[in-house]
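Okay, so here's the structure we're looking at.
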Amino acid sequence: MITIEAKGLYYKALNRQIREYLSRGEKDIVLKNILGQRYIGGGLNHDATIKIHGTPGQDLGAFMNGSRIDIFGNAQDGVGNTMNSGKIVVHGKAGEIPAHSMRGGKIFVKGDVEYRAGIHMKQYMDKIPLLIIGGTTKDYCGEYMAGGRVIILNLGNKSASPVGNSVGTGIHGGNIYVRGTVDAYQLGIGAVFGKLNKSDRTFLKEALAEYAKDMGMDLSVISPKDFIKITKKGHRPFGSLYTPGMNMKTETPFHFNLMPPCAYNCPTGIPTPVFFNLIKDGEIREAQLFMDEYTPFRMSVCGTACPAPCMEGCNRNMLDGPVEIQKLAQKYYPDFDPMVGKEKRAETVSIVGAGPSGLSTAWQLSRRGYSVNTYDATDDIGGKVKQAIPKERLSDETLDRDIARIKSLPIIFHTGEKIDREGFSKIYESSDIVVVSTGAQITKRIPYPGGERILSGLQFLIAINEGNPVDLSGKEIVIIGSGNVGIDIACESWRLGASKVTAIDIQKPLAFGRELDLATELGTEILWPKMIDRLDESRVYFTDRTDMRADVVFFSIGEAPDTSFLPDSVFIDERGYIVTAEKSFRSSDPKIYGCGDIIKPGLITDAVGSGRVAAMEIDATLKGQAFVYPIENPVSRRRIQTVYFGEEDSDIDHCMSCGTCIFCDKCVENCPQEAISRNGETFSIDTEKCQLCYSCVSICPRGAIHADVFIKGAGVEADN
């Protein structure tokens with residue numbers, strides 16, 4: 001037997017300890033000094049007993065699936081919420097909604113409970129949940145019951161009724177047994193008094209004997225004939241309350257996959273759960289081919305250099321930390337060249353700029369059968385991915401694996417060719433479409449007094465990668481700008497011998513992820529809001545009348561694109577970026593498209609995603625088809641039922657497939673009316689049987705079945 005001292009222990013830490021002990025094979029756990037810790041026993045499916053001394057918090061035993069919990073004290077709201085099997089014995093009182101949506105198992109309470117006891121209880125085949133209340137209950141007991149049994153013992157033998165008003169409102173399954181007086185006016189709409197039969201009396205006798213044994217009581221004086229039975233009036237008790245103008249069937253739940261938070265946070269839009277589910281099914285090659293549809297930079301960007309907004313948004317953070325998406329991207333990297341479609345297109349697409357956005361566009365169009373030419377001013381392809389990311393963060397070996405796969409495609413690469421207006425005109429005349437993806441290379445500067453000595457942070461990083469690093473031994477460095485590039489500059493400054501590194505910004509730092517953690521660990525100080533007034537040969541002076549030593553100062557406030565080579569037919573905005581229509585990459589010249597940093601600054605993965613969607617639009621245009629910009633329809637975090645998860649063994653099993661149906665059939669198994677069926681990957685809902693209780697919506701672990709609060713066709717939740 002294991003004893004856990006829970007005084008002052010946070011509920012997540014407590015539940016993690018319980019799960020760890022159970023995973024080691026422990027069968028008996030005692031919790032001492034419990035006070036308000038939530039979700040104890042949530043989702044457990046172990047053959048084990050937990051004894052609680054104190055007062056547990058809400059949703060005790062929620063989604064429990066086989067364990068036993070004894071509470072030597074009172075319990076709060078939601079005892080046994082959506083419980084599937086097992087037993088909960090409360091040697092005291094309980095709060096509101098005990099047995100809410102309970103599907104199986106037993107809950108015994110010694111004392112009184114509050115409102116809505118047994119609300120939405122249901123049963124499935126031989127699983128018949130049971131709630132026994134030793135004392136009394138308040139209004140709406142058994143509201144919307146779809147199955148199961150509730151017994152109110154009224155052991156205090158109070159003269160007043162042991163139940164409140166509206167007993168059994170909307171009941172359409174199951175029975176309520178009350179020992180004491182219940183007047184007709186106390187019944188809710190749809191509930192009626194029933195007649196006790198032989199089956200009822202046998203059940204009550206057995207249930208009372210089990211309850212008495214667990215509570216240590218003698219209930220031999222109580223007879224089944226002392227009880228009043230309350231049951232359903234008919235098939236649809238609320239049917240007559242709806243006006244003829246309301247079409248009930250439009251509210252029937254429907255299955256619809258929504259975008260998981262990892263994909264929503266990923267600028268490339270990679271649906272990671274689909275990738276993982278293919279791997280779980282043993283379809284490794286299919287999973288790798290699937291990822292080729294989204295990015296050619298699976299190893300260098302997704303697996304290495306990206307600050308991983310996908311992991312930051314992962315709903316697994318609510319439980320035990322994000323899925324290791326980057327590690328798994330590396331682990332399942334393909335060992336084969338990309339596939340090229342059999343159809344050979346006659347059109348030629350030329351791409352000026354072979355950085356992440358241009359190569360992403362070339363990758364997508366070449367695989368679709370187009371003739372693709374790329375042009376770049378440098379001697380190799382890769383752009384800022386190759387030039388500006390520190391080698392310590394992205395090695396040549398890692399990047400070259402992606403570059404080799406790109407070069408395996410029938411793309412013609414023209415390197416070392418800086419394109420001017422004349423050169424662009426020739427490319428324009430020989431191509432059906434021209435994509436401009438030259439990025440942003442001109443360091444933005446602010447004309448501070450004395451600011452002539454401020455260096456370009458981007459050029460500083462490029463020089464390092466070209467083998468020409470600056471010696472910063474013993475120098476104090478100031479970086480203007482604290483985005484991810486500024487943090488890269490900070491880390492490289494420390495590596496090159498700096499004695500102090502400070503990043504300043506006029507706003508909250510935009511940097512995040514591992515690079516920010518590393519920079520602060522090295523000693524980088526980030527100050528904000530700080531506005532520069534002027535500089536001299538050795539110091540920076542701020543508008544707040546402070547100053548600091550600055551032997552070397554770098555600008556890292558972004559870069560602007562060079563559009564001098566473009567024809568006048570391409571409109572440029574006041575900031576220097578190519579103007580495109582909303583949700584389109586086409587410029588004012590219908591033959592010229594832009595993507596990446598030349599239309600909007602962003603992360604590397606923003607550029608990769610931009611190139612992918614630009615290629616989709618170009619492909620549709622050349623085929624004479626309508627282009628539909630990808631719709632973002634994120635699943636709400638509140639729809640994810642984390643109690644189903646937490647005991648997975650492998651990294652890839654940690655993915656909860658948020659918003660994505662994996663055909664677990666919980667909606668089918670838990671529909672109280674057996675209205676849902678599945679044939680392969682197709683679900684059907686019998687609208688005649690469906691009672692619109694939305695049990696299926698509530699029970700779905702991943703939020704992939706919905707009511708009409710979603711916009712069908714877009715899937716966007718109304719309260720997102």
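Only one of ALA62, ALA75 is in the same structural domain as LYS122 (by TED's automatic domain parsing), modelled with pLDDT under 95, surrounded by 15 or more Cβ atoms within 10 Å (Cβ to Cβ) and closer than 22 Å to GLY105 by Cα. Can you tell me which?
Exactly one of ALA62, ALA75 is in the same structural domain as LYS122 (by TED's automatic domain parsing), modelled with pLDDT under 95, surrounded by 15 or more Cβ atoms within 10 Å (Cβ to Cβ) and closer than 22 Å to GLY105 by Cα, namely ALA62.
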- [ ] Could you list all residues from the range 262-320 that are open to solvent by less than 20 Å² (accessible area, probe 1.4 Å), polar (S, T, N, Q) and closer than 25 Å to ILE640 by Cβ?
- [x] THR268, THR272, ASN315
Open item on the list: over 17 Å from LEU319 (Cβ atoms) and not aliphatic (A, V, I, L, M): is that true of TYR39 in this structure?
Closed with: no
Open item on the list: Please pick out the residue among LYS127, LYS110 that is open to solvent by 10 Å² or more (accessible area, probe 1.4 Å) and modelled with pLDDT of 95 or more.
Closed with: LYS110
Task: Count of residues meeting criterion [in contact (Cβ under 8 Å) with a residue 40 or more places away in the chain, touching a Gly at 6+ places or on another chain (Cβ under 7 Å) and open to solvent by 40 Å² or more (accessible area, probe 1.4 Å)] in the range 378-416 - done: 1
TODO: Could you list all residues from the range 502-550 that are in contact with a Leu (Cβ under 8 Å, 6 or more places away or on another chain) and without any contact (Cβ under 8 Å) to a residue 60 or more places away in the chain?
DONE: THR502, ALA503, ILE504, ASP505, PRO509, TYR541
Open item on the list: Among (1) open to solvent by 20 Å² or more (accessible area, probe 1.4 Å); (2) within 18 Å of ASN670 (Cα to Cα); (3) without any contact (Cβ under 8 Å) to a residue 40 or more places away in the chain; (4) of a type outside the set (Lys, Arg), there is one condition GLY104 misses while meeting the rest; what is its number?
Closed with: (1)
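For the range 437-445, indicate whether the set of residues that are more than 30 Å from SER587 (Cα to Cα) and open to solvent by 60 Å² or more (accessible area, probe 1.4 Å) is non-empty.
Checking the range 437-445: not a single residue is more than 30 Å from SER587 (Cα to Cα) and open to solvent by 60 Å² or more (accessible area, probe 1.4 Å).
Check whether at least one residue in the range 6-26 is part of a strand (DSSP E or B) and over 30 Å from CYS693 (Cα atoms), and report yes or no.
Within the range 6-26, not a single residue is part of a strand (DSSP E or B) and over 30 Å from CYS693 (Cα atoms).
The rows are residues; the columns are (1) under 25 Å from ARG368 (Cα atoms); (2) assigned to a loop (DSSP other than H, G, I, E, B); (3) among the acidic types (Asp, Glu).
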| site | (1), (2), (3) |
| --- | --- |
| ILE270 | yes, yes, no |
| VAL274 | yes, no, no |
| LEU278 | yes, no, no |
| GLY282 | no, yes, no |
| PHE290 | yes, no, no |
| TYR294 | yes, yes, no |
| MET299 | yes, no, no |
| CYS302 | yes, no, no |
Task: Segments classed as strands (runs of 3 or more DSSP E), wholly inside the range 535-647, with at least 2 members that are open to solvent by 20 Å² or more (accessible area, probe 1.4 Å) - done: 539-542, 547-549
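Each row is one residue, and each column tells you yes or no for (1) in the same structural domain as ALA75 (by TED's automatic domain parsing); (2) open to solvent by less than 20 Å² (accessible area, probe 1.4 Å); (3) in contact (Cβ under 8 Å) with a residue 40 or more places away in the chain.
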{"position": "GLN123", "(1), (2), (3)": "yes, no, yes"}
{"position": "TYR140", "(1), (2), (3)": "yes, no, yes"}
{"position": "TYR144", "(1), (2), (3)": "yes, no, yes"}
{"position": "GLY164", "(1), (2), (3)": "yes, yes, yes"}
{"position": "GLY168", "(1), (2), (3)": "yes, yes, yes"}
{"position": "ARG179", "(1), (2), (3)": "yes, no, yes"}
{"position": "ASN197", "(1), (2), (3)": "yes, no, no"}
TODO: For GLN459, work out the one condition from (1) open to solvent by less than 10 Å² (accessible area, probe 1.4 Å); (2) under 40 Å from the mean Cα position of the chain (by Cα) it doesn't fulfil.
DONE: (1)
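The values are calculated or read from the model by the stated rules, or taken from the named source; none is laboratory data. Bear in mind that the values here come from a model prediction, so they are computed numbers and not experimental data. When we count neighbours, we look across all protein chains shown, and the Cβ atoms used for this are built from the backbone with ideal geometry, even at glycine. Please note that ligands, DNA and RNA were not included when accessible areas were found on the heavy atoms of the full protein model with its side chains. Shrake-Rupley method; radii C 1.70, N 1.55, O 1.52, S 1.80 Å.
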